[in-house]
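Student: Okay, handing you the structure first.
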Amino acid sequence: ETLQRIVSTLANKNDEINNFIDMLNHTIRNVQVNSSNAISELDEEFDGLYSILDEMKGSMSNSIQQEEARKIQALQDQLSQCSNVLESSEELLELAAQSLDIKDPVEFLKAARQIKDRVTMASAFRISLKPKVSDSMTHLMVDFTLERRMLQAVKFLPVPKAPEIEPAACLVADNCITVSWRMPEEDSRIDHFVLEYRKTNFDGLPRVKDEQRWELIDYIKATEYTLSGLKFDTKYMNFRVQACNKAVAGEYSDPVTLETKAFVFSLDSTSSHLNLKVEDTYVEWDPTGGKGQEKIKGKENKRSGAPSPKRTSVSTRSSMRSSRDRFTGESYTVLGDTAIESGQHYWEVRAQKDCKSYSVGVTYRNLGKFDQLGKTNSSWCIHINNWLQTTFSAKHNNKTKTLDIPVPDRIGVYCDFDGGQLAFYNANSKELLHTFRTKFTQPLLPGFMIWCGGLTVSTGLQVPSAVKTLQRSENGLSGSTSSLNNIAQ
């Protein structure tokens, strides 16, 4: 047996070495291919640079030729003007020489006056004998000293260093997560960042390979990013960031794990009323429910079906109730499958527009199968009745308090088990609708009643910041909020 184990170990090691050899050969091929690609890209870059330089050379040569033509034209114009002036002066000199040979004094004086006037006005005395343009072309010379130094300093793009996520600057609130990071040193060549995240139930990296795949957000220009509209259906989320320049992406940062706990539950279909059709977090009134079921001694049989998947320990699981009878009669009730035993929790409920009657609240596990939410001393709820006319009320221990406020289309439920508070909010505006104050003595289950319509429950939500602020204000103003518990007492 020992020899067999040793041989088996050696065989496994051989397999590992063979796999490693295959990986090395694959890596060699990749290095060759990637090197060829890098050379091709380098050729393209230098060809592009040559093209730019050639274009600049053509443009500058054209400028020199244009300047040459302009100067030559100016000098030729000046040369032609001088030639014309010189020709005129020579004619005048010849005329003067002829006048000197005149013997008649009167004719001589007359000719002399004419020559004097013409010489005085001769253009030879007014013409500029300075070239209009210089022969210098040095102003069109270029100095590539700086550019040459820059080109000589050209190097391959470095791989960006790994960013560093700053946990203290990261924020988890209102089902949003803001991740903040920094570069270990200044790098002007960084073009963008890539953020990756994944959900996990472990305080650290997932312990099972590929347990959750990374979700990617690309082309982030800033050094922080906010993920919004999340459902916190796991306890944690992993984050990592990499920096990218034009050519290459750097190493990922060390992963950071942020806590994202929130209250998550489904509806417990194993104990819902037969007239309710339940699917995960949606419940709908079904008037035909149970009609096809066999009746035994006037009682409804239980429908077959798989229980809700377990999310927490057995002690906090309403599946312990699976042995009890379903809700029946006019209760039309379904409960959540996860109990609240401590802490602060929040969830939201949206009713269909044509829903005739529904209740939202919490209850102890001892709610009877014929009981309705709010009609026992162990359940609390708000009730909306849209039959004939709309009524909005808070109920506990079969006592009702009318709420003279509009019914929101989405209701937020806040439960502070340890603080003894159950509050209902307009989930859109976070306006407080009603607060129950009591001391909870048993685990609580979310409860829902529905008649003619449907309800959608949103879980995995954190307690909103606005609700926390209102709760602090509420607690600071003791006795300012009415309580049906106090009324009942």
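The values are calculated or read from the model by the stated rules, or taken from the named source; none is laboratory data. Keep in mind that what you see is a predicted model, and the values were worked out from it rather than measured. Note that each Cβ is placed from the backbone with ideal geometry, even for glycine, and that neighbours are counted across all protein chains shown. In case anyone asks, the SASA skips ligands and DNA or RNA and just uses the protein heavy atoms, side chains included. Shrake-Rupley method; radii C 1.70, N 1.55, O 1.52, S 1.80 Å.
Student: Based on this model, can you work out whether Glu251 counts as of a type in the set (D, E, K, R), at pLDDT 95 or above and not assigned by the TED database to the domain that holds Leu42?
Tutor: No.
Student: Could you give every pair whose Cβ atoms fall below 8 Å, whose first residue belongs to the stretch 117-141 and is over 22 Å from Ser83 (Cβ atoms), and whose second residue is assigned to a helix (DSSP H, G or I) and not acidic (Asp, Glu), counting only separations of at least 6 or pairs across chains?
Tutor: Listed by first residue and then by second, the contacts come to Met137/Ile64; Leu140/Met60; Leu140/Ser63; Leu140/Ile64.
Student: Additional query: Scan the stretch 269-283 and report the pairs whose first residue is free of Cβ contacts under 8 Å to residues at least 40 places away in the same chain and whose second residue is part of a loop (DSSP other than H, G, I, E, B) and open to solvent by 30 Å² or more (accessible area, probe 1.4 Å), with Cβ atoms within less than 8 Å and a gap of 6+ or a chain change.
Tutor: From residues that are free of Cβ contacts under 8 Å to residues at least 40 places away in the same chain, the pairs are Lys277/Asp286; Glu279/Ser269.
Student: Does the stretch 360-367 contain any residue that is more than 44 Å from the chain's Cα centre (by Cα) and assigned by the TED database to the domain that holds Leu422?
Tutor: Yes, the stretch 360-367 contains at least one residue that is more than 44 Å from the chain's Cα centre (by Cα) and assigned by the TED database to the domain that holds Leu422.
Student: Hey, can you tell me all the residues within the stretch 100-141 that are open to solvent by 100 Å² or more (accessible area, probe 1.4 Å), farther than 30 Å from Ser63 by Cα and not in a loop (DSSP other than H, G, I, E, B)?
Tutor: Residues satisfying the conditions are Val106, Lys110, Arg113, Gln114, Lys116, Arg118, Phe125.
Student: Continuing with this model, one more query. Are there any strands (runs of 3 or more DSSP E) wholly within the stretch 142-230 with 1 or more residues that are touching a Pro at 6+ places or on another chain (Cβ under 7 Å) and either surrounded by 10 or more Cβ atoms within 10 Å (Cβ to Cβ) or among the basic types (Lys, Arg) (or both), and if so which?
Tutor: 176-182, 192-200
Student: Determine, yes or no, whether Asp268 is open to solvent by 60 Å² or more (accessible area, probe 1.4 Å) and within 29 Å of Gln462 (Cα to Cα).
Tutor: Taking the combined requirement at face value, the residue does not satisfy it.
Student: Kindly indicate the residue of the stretch 446-478 that is outside any helix (DSSP H, G or I) and open to solvent by 70 Å² or more (accessible area, probe 1.4 Å) and also modelled with the highest pLDDT among those meeting that condition.
Tutor: Trp451
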